[in-house]
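The structure appears right after this line, and notes come after that.
The values are calculated or read from the model by the stated rules, or taken from the named source; none is laboratory data. Because the structure is a prediction, the values reported are computed rather than measured. Quick reminder, even Gly has a Cβ in these numbers, built from the backbone with ideal geometry, and neighbours come from all protein chains shown.
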Amino acid sequence: MDTTPRSLATEAVHAGREDLADLGLHAAPLDLSTTYPSRDVAAEAARLDEFAATGARLEGPPVYARLDNPTVARFEDALARLEGTDTAVAFASGMAALSAVLLLRASTGLRHVVAVRPLYGCSDHLLTSGLLGTEVTWTDPAGVADAIRPDTGLVMVETPANPTLAEVDLRALAHSCGSVPLLVDNTFATPVLQRPVEHGARLVMHSATKYLGGHGDVLGGVVACDEETARGLRQIRFATGGVLHPLAGYLLLRGLSTLPVRVRAQSATAAELVRRLADDPRVTRVHYPRLGGAMVAFEVAGDPREVTAAVRLITPAVSLGSVDTLIQHPASISHRIVDPGDRQAGGISERLLRMSVGLEDVEDLWNDLDQALNTADRQPARTPVPAAR
Ligand SMILES: *Cc1c(COP(=O)(O)O)cnc(C)c1O
């Protein structure tokens, strides 16, 4: 293979597809088989033994769709190239990806996790509930080194974080982790804006449902990491069954090709909306990462729920990273599952709105926001916005 270093934009359209020309193909093939013919039982048994012992990707033809799939493998190869890791392991959703990482660490007896708030609401819940047998200590980035115990198997952080867009200095944090692996949820930044392994992270996870897919029509998750960690994750994926569907793998590979242009265009629009919101008397506070990006959070003087009720072009909906603009009220929706006291500790105000900026024209978006903010200002609150505890 040609090893000339290539830029991210080039990798986005070519990684995972290098063999296509030799196959006489141009678009990646979609393989929906659940099983594959095999006449040489002894050889197949040896390959299964090899997977059980090592977790290495199978050489040769696939065996069964829960074990491996060639379309999904293309997406994994491409994402690993974009994140700058050895490899990547794809899962049915972002939460399935996080679950596999937690199970892998707990299976080595290291059940303690140190995590920095805020995290995505369900990630917070999965850790706080201890559903997978892990125990969490919540801290801020400065407290990580002190929170680490002999049985700590993982440090987890999200930056920019969902939904406040708070940023963490990854290099300093990775240093505080010592030999404990650092997992960074890179869903918001994407490898276009930030490659956490370059700052010392061991594992990078994505809810691929968001920017990687980019069109709001595919659910998926992925962990980009070193080959040794990936072997354990593949064994857990095979044992627990949280596989990415091949059609989702196909759509995610296709989504990656436009990731750099989408993120750059959406970020430019987001930066302009931030400029206008920051100057607006109806808005009390704007959160926008120094890193940039297409996620914007802002606090309003009026009832935030009236803003989401009044938007017309923008869709009031959970999720993010799609080609169209979405807005939601984290305290009511995405972070509802987090205890109100913990939400407040994580900086998630009751007046906060989170907006995922799409590819629409900036003036059309601003017109919609402007009329929605006016409506919210005129409207007496239907029910009072709960005071933060
Ligand atoms: C959505 C999201 C998740 C969960 O991903 P799913 O694909 O919905 O399971 C995890 N982390 C972040 C930052 C998210 O936005």
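Table for the structure above
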| quantity | calculated |
| --- | --- |
| Qualifying residue in the stretch 197-208 (condition: crowded, with 24+ Cβ neighbours inside 10 Å, under 9 Å from the mean Cα position of the chain (by Cα) and not in a strand (DSSP E or B)) | yes |
| Any hit, the stretch 119-132, residues being surrounded by 18 or more Cβ atoms within 10 Å (Cβ to Cβ), assigned to a loop (DSSP other than H, G, I, E, B), modelled with pLDDT under 95 and within 15 Å of the ligand (Cβ to nearest atom) | yes |
| Tally, over the stretch 98-118, of residues that are out of contact with any Asp or Glu (no Cβ under 6 Å at 6 or more places or on another chain), aliphatic (A, V, I, L, M), away from the ligand (no atom under 14 Å from the Cβ) and not in a strand (DSSP E or B) | 3 |
| Pair list, Cβ under 8 Å, 6 or more apart: the stretch 69-92 residue on the phi < 0 side of the Ramachandran plot, other residue assigned to a loop (DSSP other than H, G, I, E, B) and among the β-branched types (Val, Ile, Thr) | ASN69/VAL243; VAL72/VAL243; ALA90/VAL243; PHE91/VAL243; ALA92/VAL243 |
| Residue in the stretch 332-342 that is closer than 19 Å to ARG282 by Cβ and within 16 Å of the ligand (Cβ to nearest atom) present | no |
| Helices (runs of 4 or more DSSP H) wholly inside the stretch 1-97 that include at least 2 residues being among the basic types (Lys, Arg) and within 24 Å of the chain's Cα centre (by Cα) | 70-83 |
| Whichever residue in the stretch 349-389 is of a type in the set (Val, Ile, Thr) and modelled with pLDDT of 95 or more and, among such residues, is surrounded by the fewest Cβ atoms within 10 Å (Cβ to Cβ) | VAL362 |
| Members of the stretch 213-229 that are within 13 Å of the ligand (Cβ to nearest atom) and touching a strand residue (DSSP E or B) at 6+ places or on another chain (Cβ under 6 Å) | GLY221, VAL222, VAL223 |
| Residue within the stretch 145-157 that is in contact with a helix residue (DSSP H, G or I) (Cβ under 9 Å, 6 or more places away or on another chain) and at positive phi present | no |
| Test: ASP124 is over 16 Å from the mean Cα position of the chain (by Cα) and of a type in the set (Asp, Glu) | no |
| Flag for GLY153 being modelled with pLDDT of 95 or more and assigned to a helix (DSSP H, G or I) | no |
